[in-house]
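**Q** Below: one structure in structure tokens.
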Amino acid sequence: MINPSPNKKLISLKRQPLILFILSSISFLLILFRLIFLQLINYESFKEMSDENRIRLIASQPIRGRILDKNGYVLADSRVRYSLIIKPQSIKKSNWEKHKSSISDLLNIDINEIQNIYFEGLKNQKLLVTIIDDLNIDQLIKFKENEESLFSFEIATKLVRNYPYKSVAAHLVGYTQPITDSEYQFLSKRGYKLNDLIGRTGIEYVYEDYIRGEWGGEMVEVNSLGEFQKSLGIKPSVKGNDIELTIDMNLQLVAEEALRDKKAGAIIVMDPRDGAIRAMVSRPTFDLNFFSKDFKPENEYNEIFNSPEKPLFNRALNAYDPGSVWKIVTALAGLESGKFPANTMLETKSCITYGSQCFREHNDLGFGVIGYEDALRVSSNTFFYQIGYGVGVDQIYEISRKLGFNSLSGIEIYEQENIGLVASSEWAKEGRGWGQPGRTPWVPEDIASMSIGQFVVQVTPIQIARAYAAIANGGYLVTPHLVKEVKENNVVKKRTKIDIDPNNLQLIKSGLRKVVESGTGVSINYGVSNLPPISGKTGTAEDGEGGLDHAWFVCFTPSEKSELLIVAFAQNTPGGGSVHALPMAREILKVWNEKK
């Protein structure tokens with residue numbers, strides 16, 4: 001074996017300090033770069049992580065803003081629930097023995113239960129634990145009278161959403177519910193806490209950001225073991241904004257009562273000048289306070305969510321066959337087309353055949369030769385069959401669009417609204433929403449049905465309110481709205497001049513006045529005195545889904561310079577609009593006139 005030469009050994013020894021220096025330098029540079037990364041580049045994020053480990057927040061819930069009617073009546077507010085709490089880690093043991101005995105005697109609580117909650121809080125390093133979740137008024141008073149000698153204990157408040165009128169205006173006010181775990185994943189970035197409340201429907205939903213408020217709380221410092229060290233200060237929660245509606249509770253309550261004996265239906269009361277909703281009722285309804293309960297009984301849950309009556313369904317914004325209240329659209333189509341001018345006189349008959357079907361007059365006789373005003377007054381079917389067949393489906397569709405049909409109304413609670421259906425030749429050509437294109441053509445029977453608001457026409461009470469408001473106000477399509485004014489609101493309230501000859505609108509208005517003076521709506525004046533002049537229209541509609549007939553009545557008053565418009569709808573209530581819907585409107589008119 002050959003040994004390395006002395007020269008090679010010497011060279012190797014000389015290199016060792018250099019290698020050591022290089023390794024040391026590299027290690028130093030790595031440490032330096034790491035320090036720069038931690039202290040300079042990522043300083044903010046690591047400081048935030050450190051603070052999160054060192055500083056904790058005991059959250060304080062904000063008071064949600066109230067929902068008020070136009071006169072200040074409270075439709076939704078927050079009820080305070082009081083709880084007795086302790087902060088286990090901040091209690092001095094020298095005070096604890098005396099205080100726990102005192103609170104046990106004062107509020108009649110098992111002292112062992114108090115001790116167990118205390119120990120459990122210490123064991124799990126809880127900053128706050130609850131002794132009694134919901135204090136009654138006697139317990140609260142007793143504690144407040146002895147608060148100075150019981151400073152180991154505190155009163156915490158939890159806000160519960162409260163609806164003083166229960167089911168009144170339920171669909172438009174809406175309700176709140178705790179956020180879900182999946183919602184928390186993204187809502188936490190917007191300041192929401194676990195089990196925080198959020199608006200689910202109605203005004204509570206649409207104006208969530210405006211009325212919810214901001215959380216506050218107490219900042220406390222803890223050590224590395226999570227043990228309480230000291231309080232760093234309290235940031236008060238910020239109350240949410242109150243929101244004032246256009247609703248008038250005087251009219252809302254009488255509308256609720258008027259609809260009470262109907263199985264299902266809706267009433268809308270609106271100012272036709274600007275679209276302000278004064279009352280909106282849908283029946284069946286539900287108690288909003290159900291959603292504020294921690295424990296929800298199964299029978300109550302089933303009555304709301306599993307009932308065949310569908311109480312959560314807002315019928316004021318759902319689509320139905322309008323029947324004769326639709327005839328103003330067919331009339332305007334005839335007038336605007338030029339094919340049936342204002343002086344048109346047509347012979348009405350017992351029935352007129354279209355396709356393979358004879359379409360009857362509702363009195364099975366006819367009304368002789370009549371014009372537009374009398375056709376509206378007696379609600380002749382065969383008059384409007386001839387108008388509709390003469391102008392065609394697309395002319396009726398065009399006028400309906402100008403009056404706001406087949407589109408959303410613009411009301412804030414759009415999540416509940418149905419767009420409805422107004423047929424067109426294109427709609428039929430494309431398959432009617434259920435068939436194959438080209439296989440479901442337009443047929444003569446369709447135009448007869450469409451002319452009097454049946455089967456191929458489905459509209460909502462709010463759409464009917466907009467259309468009749470345009471007649472009442474002289475040709476402006478208004479945007480229905482529930483809120484007086486909110487700067488943060490992105491809903492545009494507007495009046496749009498419609499492209500319809502004012503003379504034609506005036507002719508329709510004159511016909512609607514005759515309906516109430518001597519036609520199908522004459523009973524609106526029965527048993528009532530001093531009402532201003534009223535214009536209106538009755539309607540009876542076959543249910544396109546096979547149920548019993550619907551009853552409608554629409555009116556506005558005074559007939560000139562109108563201030564109030566009412567749409568009354570009774571779902572599947574056979575007997576006619578003048579029998580079932582008109583009396584509901586009469587009760588509202590009486591109260592409005594008295595208050596006015």
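The values are calculated or read from the model by the stated rules, or taken from the named source; none is laboratory data. In this text, all values refer to a predicted model and were calculated from it rather than measured experimentally. Reconstructed Cβ throughout: ideal geometry from the backbone, glycine too, with neighbour counts over all protein chains shown.
**Q** Considering only residues of the range 132-173 that are under 34 Å from the mean Cα position of the chain (by Cα) and among the aromatic types (Phe, Trp, Tyr), which is nearest to Gln115 (Cα to Cα)?
**A** Top of the filtered list is Tyr163.
**Q** Give Gly539, Gly547, Gly475 a once-over and let me know the one that is without any contact (Cβ under 8 Å) to a residue 40 or more places away in the chain and at negative phi.
**A** Every option except Gly547 fails the conditions.
**Q** Here's something else I'd like to know. Might you check whether a residue that is buried (at least 18 other Cβ atoms within 10 Å of the Cβ), aliphatic (A, V, I, L, M) and touching a residue at least 12 places away in the same chain (Cβ under 8 Å) occurs anywhere in the range 572-581?
**A** Looking for residues that are buried (at least 18 other Cβ atoms within 10 Å of the Cβ), aliphatic (A, V, I, L, M) and touching a residue at least 12 places away in the same chain (Cβ under 8 Å), one finds at least one in the range 572-581, hence yes.
**Q** On to the next question. Can you tell me which of Leu107, Leu150 is aliphatic (A, V, I, L, M), touching a His at 6+ places or on another chain (Cβ under 9 Å) and crowded, with 17+ Cβ neighbours inside 10 Å? Show your work before the answer.
**A** Working: Leu107 fails: touching a His at 6+ places or on another chain (Cβ under 9 Å).
Leu150 is the lone residue from the list that is aliphatic (A, V, I, L, M), touching a His at 6+ places or on another chain (Cβ under 9 Å) and crowded, with 17+ Cβ neighbours inside 10 Å.
**Q** Quick one: would you say Val567 is modelled with pLDDT of 95 or more, in the same structural domain as Ile267 (by TED's automatic domain parsing), surrounded by 20 or more Cβ atoms within 10 Å (Cβ to Cβ) and out of contact with any Gly (no Cβ under 7 Å at 6 or more places or on another chain)?
**A** Spelling it out, Val567 is indeed modelled with pLDDT of 95 or more, in the same structural domain as Ile267 (by TED's automatic domain parsing), surrounded by 20 or more Cβ atoms within 10 Å (Cβ to Cβ) and out of contact with any Gly (no Cβ under 7 Å at 6 or more places or on another chain).
Residue by residue, here is whether (1) in a loop (DSSP other than H, G, I, E, B); (2) more than 19 Å from Gly453 (Cα to Cα); (3) touching a Phe, Trp or Tyr at 6+ places or on another chain (Cβ under 9 Å) holds:
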{"residue": "Thr540", "(1), (2), (3)": "no, no, yes"}
{"residue": "Ser562", "(1), (2), (3)": "yes, yes, yes"}
{"residue": "Val567", "(1), (2), (3)": "no, no, yes"}
{"residue": "Gly575", "(1), (2), (3)": "yes, no, no"}
{"residue": "Ser578", "(1), (2), (3)": "no, no, yes"}
{"residue": "Lys590", "(1), (2), (3)": "no, yes, no"}
{"residue": "Asn593", "(1), (2), (3)": "no, yes, no"}
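**Q** Another question about this same structure. Looking only at the range 276-299, which residues are in contact with a helix residue (DSSP H, G or I) (Cβ under 7 Å, 6 or more places away or on another chain) and touching a residue at least 12 places away in the same chain (Cβ under 8 Å)?
**A** The initial filter retains those residues of the range 276-299 that are in contact with a helix residue (DSSP H, G or I) (Cβ under 7 Å, 6 or more places away or on another chain), namely 278-283, 285-286, 288, 290, 296.
Within the range 276-299, Arg278, Ala279, Met280, Val281, Ser282, Arg283, Thr285, Phe286, Leu288, Phe290 qualify.
**Q** Limited to the range 250-291, what total is found for residues that are basic (Lys, Arg) and either in a loop (DSSP other than H, G, I, E, B) or not assigned by TED's automatic domain parsing to the domain that holds Thr479 (or both)?
**A** So in the range 250-291, the residues basic (Lys, Arg) come out as 260, 262-263, 273, 278, 283.
Then keep just the ones that are either in a loop (DSSP other than H, G, I, E, B) or not assigned by TED's automatic domain parsing to the domain that holds Thr479 (or both); that gives 260, 262-263, 273.
Matching residues across the range 250-291 total 4.
**Q** Further question: Kindly check whether there is at least one residue in the range 335-345 that is buried (at least 18 other Cβ atoms within 10 Å of the Cβ) and either in contact with a strand residue (DSSP E or B) (Cβ under 7 Å, 6 or more places away or on another chain) or under 21 Å from Gln458 (Cα atoms) (or both).
**A** No, every residue in the range 335-345 fails to be buried (at least 18 other Cβ atoms within 10 Å of the Cβ) and either in contact with a strand residue (DSSP E or B) (Cβ under 7 Å, 6 or more places away or on another chain) or under 21 Å from Gln458 (Cα atoms) (or both).
**Q** Test of understanding: among Arg401, Arg377, Arg315, which residue is in contact (Cβ under 8 Å) with a residue 60 or more places away in the chain, within 28 Å of Ser282 (Cβ to Cβ) and in the same structural domain as Gln571 (by TED's automatic domain parsing)?
**A** Going through Arg401, Arg377, Arg315 in turn, the sole match is Arg315.
**Q** State which residue is surrounded by the fewest Cβ atoms within 10 Å (Cβ to Cβ) when the search covers only the range 443-458 and only residues that are assigned to a loop (DSSP other than H, G, I, E, B) and in contact (Cβ under 8 Å) with a residue 40 or more places away in the chain.
**A** So, considering only residues that are assigned to a loop (DSSP other than H, G, I, E, B) and in contact (Cβ under 8 Å) with a residue 40 or more places away in the chain, the one surrounded by the fewest Cβ atoms within 10 Å (Cβ to Cβ) is Val443.
**Q** Restricting to the range 79-102, name every residue that is hydroxyl-bearing (Ser, Thr, Tyr) and under 40 Å from the mean Cα position of the chain (by Cα).
**A** Tyr82, Ser83 - these are the residues of the range 79-102 that are hydroxyl-bearing (Ser, Thr, Tyr) and under 40 Å from the mean Cα position of the chain (by Cα).
**Q** Which one is surrounded by the fewest Cβ atoms within 10 Å (Cβ to Cβ) among residues in the range 408-442 that are in contact (Cβ under 8 Å) with a residue 40 or more places away in the chain and at positive phi?
**A** Among those residues, the one meeting the criterion is Gly410.
**Q** Report yes if Ser380 is surrounded by 16 or more Cβ atoms within 10 Å (Cβ to Cβ), of a type outside the set (Val, Ile, Thr), in contact with an Asp or Glu (Cβ under 9 Å, 6 or more places away or on another chain) and under 30 Å from Pro272 (Cβ atoms), otherwise no.
**A** Details: surrounded by 16 or more Cβ atoms within 10 Å (Cβ to Cβ): yes; of a type outside the set (Val, Ile, Thr): yes; in contact with an Asp or Glu (Cβ under 9 Å, 6 or more places away or on another chain): yes; under 30 Å from Pro272 (Cβ atoms): yes.
In short, yes.
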